[in-house]
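*Asks:* Have a look at this one before I ask anything.
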Amino acid sequence: MPPLRFVKMYLSWNVNEMTVAETEIAIESQYLKRKVTVTLLMPEGEVTEPLHLLLLNDGQEAENLRLGETLDVLYEAGLLKPVAVAAIHAGADRLHEYGVAGHPDFKQRGSKAAAYTQFIVKELLPTIKKEAGIEDFSTTAYAGLSLGGLSAMDIAWNNPQLFNKLGVFSGSFWWRSMELGKGYTDADRIMHKVIRETAGKPNLQFWLQTGTKDETADRNQNGIIDSIDDTVDIIKELEAKGYSRPADIQYLEMVGGTHSPATWAQAMPKFLLWAFGR
């Protein structure tokens, strides 16, 4: 594996000279039985501050998300702490690797979610820390898009000792154990149930986004699309656990926002500033 172009955690750094370097690495995963490509977006320059980390599912969309460009702009404005971004490319088995570990949906999708969790925890994070020469990042956030957002939430929720913050863009919180029209109720939504049945309150903060044009589906015919209903209900489950808004939970509902990288790119600066802003 080629060395990662990481900046050491404690070097001298002028924030106004910060730029972003992009590198691609490949990890041969024993858990996923495939090669995983990861695009790394690293701050270049001399750093005196602790380095933060963002893991991003569906990292193959990094260019469409204008991620590098957004980081450059925020660094130039002096608004962002130094953050390493590991954009993890999805594989051909995305519908099985993403999901909720141990809880496949009614079509048995998500059957490899537990293996994907093992890849993140036991292969990706140790690789990044080893190559960076860093034992721990100051803040570690996990984010994802759509089904990748559901996956990020599941992994962070079940590993709060590794993650501090979570970002979900148009999350697939409809993920359910029962098919519509065959006895389905809202109690069959998998992530909601996992949150509800978890003992205790993981030490996490949450940033959630939806768009008013994410979809047109409206299961309960209440005039609100399912994407928004399901996300708002996730927030209700979190509040029932004792999390509060806005201290622990931020919610961005974008009028006219669609289920697309174009909308998520518009939301990305808000998420980055929430997670790593000065």
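*Asks:* Testing D218 on (1) touching a helix residue (DSSP H, G or I) at 6+ places or on another chain (Cβ under 7 Å); (2) at pLDDT 95 or above, one condition comes back false. Which one is that?
*Replies:* Only one criterion in (1) touching a helix residue (DSSP H, G or I) at 6+ places or on another chain (Cβ under 7 Å); (2) at pLDDT 95 or above is unmet by D218, namely (2).
*Asks:* Can you pull out every residue in segment 237-246 that is over 21 Å from I190 (Cβ atoms) and without any contact (Cβ under 8 Å) to a residue 24 or more places away in the chain?
*Replies:* S244, R245, P246
*Asks:* For segment 119-142, does any single residue satisfy the condition of being charged (D, E, K, R), in contact with a helix residue (DSSP H, G or I) (Cβ under 8 Å, 6 or more places away or on another chain) and more than 25 Å from Y243 (Cα to Cα)? First the steps, then the outcome.
*Replies:* Filtering segment 119-142 for residues charged (D, E, K, R) gives 122-123, 129-131, 135-136.
Checking which are in contact with a helix residue (DSSP H, G or I) (Cβ under 8 Å, 6 or more places away or on another chain) leaves us with 135-136.
Still in the list and also more than 25 Å from Y243 (Cα to Cα): 135-136.
Yes: segment 119-142 contains one or more residues that are charged (D, E, K, R), in contact with a helix residue (DSSP H, G or I) (Cβ under 8 Å, 6 or more places away or on another chain) and more than 25 Å from Y243 (Cα to Cα).
*Asks:* Moving to a separate point now. Taking S170, is it over 30 Å from G256 (Cβ atoms) and among the small types (G, A, S)?
*Replies:* Working: over 30 Å from G256 (Cβ atoms): no; among the small types (G, A, S): yes.
Against the criterion (over 30 Å from G256 (Cβ atoms) and among the small types (G, A, S)), S170 does not qualify.
*Asks:* Going through segment 108-145 one residue at a time, which ones are touching a residue at least 60 places away in the same chain (Cβ under 8 Å) and part of a loop (DSSP other than H, G, I, E, B)?
*Replies:* Matches in segment 108-145: G110, K112, G133, I134, F137, S138, T139.
*Asks:* Got a number for residues in segment 1-51 being at pLDDT 50 or above and outside any loop (DSSP other than H, G, I, E, B)?
*Replies:* Applying the first criterion (at pLDDT 50 or above) to segment 1-51 yields 16-51.
This time we only want the ones that are outside any loop (DSSP other than H, G, I, E, B), so: 16-17, 19-29, 34-44.
Number of matching residues: 24.
*Asks:* Quick one: count up the residues across segment 183-203 that are assigned to a loop (DSSP other than H, G, I, E, B) and either touching a helix residue (DSSP H, G or I) at 6+ places or on another chain (Cβ under 9 Å) or hydrophobic (A, V, I, L, M, F, W, C) (or both).
*Replies:* We begin by selecting, within segment 183-203, every residue assigned to a loop (DSSP other than H, G, I, E, B); these are 183-185, 198-203.
Narrowing further to those that are either touching a helix residue (DSSP H, G or I) at 6+ places or on another chain (Cβ under 9 Å) or hydrophobic (A, V, I, L, M, F, W, C) (or both): 198-202.
Counting residues in segment 183-203 that are assigned to a loop (DSSP other than H, G, I, E, B) and either touching a helix residue (DSSP H, G or I) at 6+ places or on another chain (Cβ under 9 Å) or hydrophobic (A, V, I, L, M, F, W, C) (or both) gives 5.
*Asks:* Within segment 181-205, can you find the residues that are farther than 16 Å from D233 by Cβ and either exposed (fewer than 13 other Cβ atoms within 10 Å of the Cβ) or touching a Gly at 6+ places or on another chain (Cβ under 7 Å) (or both)?
*Replies:* From segment 181-205, those farther than 16 Å from D233 by Cβ are 181-183, 199-205; that's our starting set.
Correct list: G181, K182, G183, A199, G200, K201, N203.
*Asks:* Looking at (1) over 21 Å from N64 (Cβ atoms); (2) assigned to a helix (DSSP H, G or I), find the lone condition where V255 falls short.
*Replies:* (2)
The values are calculated or read from the model by the stated rules, or taken from the named source; none is laboratory data. Only a predicted model underlies this, so the values are computations on that prediction, with no experimental measurement involved. All Cβ positions, glycine included, derive from the backbone under ideal geometry; neighbour counts span all protein chains shown.
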